[in-house]
Amino acid sequence: MITPLLVAELLVEGERWPVCVHIIDHPDARVLVDTGMTELRPEVVDMDPRLVPLSEQAFDLAGVDVVVNTHLHFDHCGGNHLFAGRPIYVQRQELEDARTEDDYTIREWVDAPGVSYEPVDGELELVPGLRLVPAPGHTRGLQVVVVETGGRPVVVGGDVAVRLGELDEPRTEGQLRVRALEPELVWLAHEHEPWRPRTV
């Protein structure tokens, strides 16, 4: 079962965009995909963030077994410090870019005290039926989580697409890769509802 949790809203081009993280309740592990934001910073004040951090919700932080960052932009990794000591899976390319490129993210959030990464090179099966798949586009190191369901897979995509319509006409390598999976639905970080393929 996949559950979206609203952790913030950001003002983008005059609209309030949700920032959602996703919980995957798998028989072998409870997996959190992305961690949102927990504090305000001058770098993002122009986006007028309204925060609802995981640490202030009725959410069992200790119940999370594994954390995945789809990528390391500030609105996806700002709560990583809440999971110090637990493995956080991220593509190696993404980690390198976040640590070296200017204006990429808020570096103190990436390497907050106690945060420990498991760098991934390519695809990785986290637990049976749940795998990480590189999906470059929004960033070079973006990854999605593919959940096998017995039928068509469900994808937790982060920012593989920022708006739902982008997956109707995929352009990036990551979007094309996700569409090639023929998913039943795709959860995105900045939409309340999942994307579903159009029926003919």
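The values are calculated or read from the model by the stated rules, or taken from the named source; none is laboratory data. Please read these numbers as outputs of a predicted model, since none were measured by experiment. Here the Cβ is made from the backbone with ideal geometry for all residues, glycine too, and neighbour counts use every protein chain on show.
Going by what's in this entry, would Leu32 be described as within 24 Å of Pro128 (Cβ to Cβ) and without any contact (Cβ under 8 Å) to a residue 60 or more places away in the chain? Lay out the reasoning, then the answer.
On the way: within 24 Å of Pro128 (Cβ to Cβ): yes; without any contact (Cβ under 8 Å) to a residue 60 or more places away in the chain: yes.
It is true that Leu32 is within 24 Å of Pro128 (Cβ to Cβ) and without any contact (Cβ under 8 Å) to a residue 60 or more places away in the chain.
For region 163-178, name all the residues that are closer than 16 Å to Val145 by Cβ and charged (D, E, K, R).
Going residue by residue through region 163-178, those that are closer than 16 Å to Val145 by Cβ are 167, 174-175, 177-178.
Result: Arg177, single match.
If you check Val120, Val127, Val146, which single one turns out to be within 15 Å of Asp34 (Cα to Cα) and out of contact with any Ser or Thr (no Cβ under 7 Å at 6 or more places or on another chain)? I'd like the intermediate steps shown before the answer.
Working: Val120 fails: within 15 Å of Asp34 (Cα to Cα); Val127 fails: within 15 Å of Asp34 (Cα to Cα).
Only one candidate qualifies: Val146.
Between a residue in region 116-144 that is over 14 Å from Gly158 (Cα atoms) and any residue that is aliphatic (A, V, I, L, M) and part of a loop (DSSP other than H, G, I, E, B), which pairs come within a Cβ distance under 8 Å, given they are 6 or more apart or on different chains?
Ser116/Ala84
Might you let me know whether region 80-88 holds any residue that is in contact (Cβ under 8 Å) with a residue 60 or more places away in the chain and closer than 17 Å to Ala189 by Cβ? Quick ask: steps written out before the conclusion?
As a first pass, look at region 80-88 and keep what is in contact (Cβ under 8 Å) with a residue 60 or more places away in the chain: none.
Scanning region 80-88, I find no residue that is in contact (Cβ under 8 Å) with a residue 60 or more places away in the chain and closer than 17 Å to Ala189 by Cβ, so the answer is no.
I want to confirm something. Restricting to region 1-46 and keeping residues that are of a type in the set (Lys, Arg) and modelled with pLDDT under 95, which single residue is farthest from Asn69 (Cα to Cα)?
Within region 1-46, the first condition is being of a type in the set (Lys, Arg), and the residues that meet it are 16, 30, 41.
Now restrict to residues that are modelled with pLDDT under 95: 16, 41.
Details: Arg16: 23, Arg41: 20 Å.
This residue is Arg16.
Looking only at strands (runs of 3 or more DSSP E) that fall completely inside region 118-194, which ones have 1 or more residues that are among the basic types (Lys, Arg)? Step through it out loud before you land on a result.
Details: elements: 124-127, 130-134, 143-147, 154-156, 185-187.
The strands (runs of 3 or more DSSP E) meeting that bar are 130-134.
Suppose we filter Gln93, Gln175, Gln143 for residues that are within 21 Å of Thr3 (Cβ to Cβ) and out of contact with any Cys (no Cβ under 7 Å at 6 or more places or on another chain); which single one remains?
Details: Gln93 fails: within 21 Å of Thr3 (Cβ to Cβ); Gln175 fails: within 21 Å of Thr3 (Cβ to Cβ).
Of Gln93, Gln175, Gln143, the one residue that is within 21 Å of Thr3 (Cβ to Cβ) and out of contact with any Cys (no Cβ under 7 Å at 6 or more places or on another chain) is Gln143.
Suppose we keep only residues that are of a type in the set (Asp, Glu) and not in a helix (DSSP H, G or I) within region 1-53. Which one would you say is surrounded by the most Cβ atoms within 10 Å (Cβ to Cβ)? Write out each step before concluding.
Start the filter on region 1-53 by keeping residues that are of a type in the set (Asp, Glu), which leaves 9, 13, 15, 25, 28, 34, 39, 43, 46, 48.
Then keep just the ones that are not in a helix (DSSP H, G or I); that gives 9, 13, 15, 25, 28, 34, 39, 48.
Details: Glu9: 18, Glu13: 5, Glu15: 8, Asp25: 11, Asp28: 12, Asp34: 28, Glu39: 13, Asp48: 12.
Out of the qualifying residues, it is Asp34.
Within region 24-59, how many residues are of a type in the set (A, V, I, L, M, F, W, C), within 15 Å of the chain's Cα centre (by Cα) and under 22 Å from Ala112 (Cα atoms)? Can you show your working first?
Residues of region 24-59 that are of a type in the set (A, V, I, L, M, F, W, C), as a first pass: 24, 29, 31-33, 37, 40, 44-45, 47, 51-52, 54, 58-59.
Filter once more, keeping what is within 15 Å of the chain's Cα centre (by Cα): 24, 31-33, 37, 54.
Restricting the remaining residues to those that are under 22 Å from Ala112 (Cα atoms) gives 31-33, 37, 54.
Within region 24-59, residues that are of a type in the set (A, V, I, L, M, F, W, C), within 15 Å of the chain's Cα centre (by Cα) and under 22 Å from Ala112 (Cα atoms) number 5.
Testing Leu185 on (1) within 23 Å of Val12 (Cα to Cα); (2) in contact (Cβ under 8 Å) with a residue 24 or more places away in the chain, one condition comes back false. Which one is that?
All conditions are met except number (1).
Quick one: in region 150-173, of everything that is charged (D, E, K, R) and over 14 Å from Pro194 (Cβ atoms), which residue is farthest from the chain's Cα centre (by Cα)? Break it down into steps so the answer makes sense when it comes.
Taking region 150-173 and keeping what is charged (D, E, K, R), we get 152, 159, 163, 166, 168-169, 171, 173.
Next cut, over 14 Å from Pro194 (Cβ atoms) only: 159, 169, 171, 173.
Numbers: Asp159: 7, Glu169: 21, Arg171: 20, Glu173: 17 Å.
Applying the filter and picking the extreme gives Glu169.
Looking at this structure, is Pro113 over 20 Å from Asp65 (Cα atoms) and in a loop (DSSP other than H, G, I, E, B)? Let's see the steps before the verdict.
Working: over 20 Å from Asp65 (Cα atoms): no; in a loop (DSSP other than H, G, I, E, B): yes.
Here the answer is no, as Pro113 does not meet what is asked.
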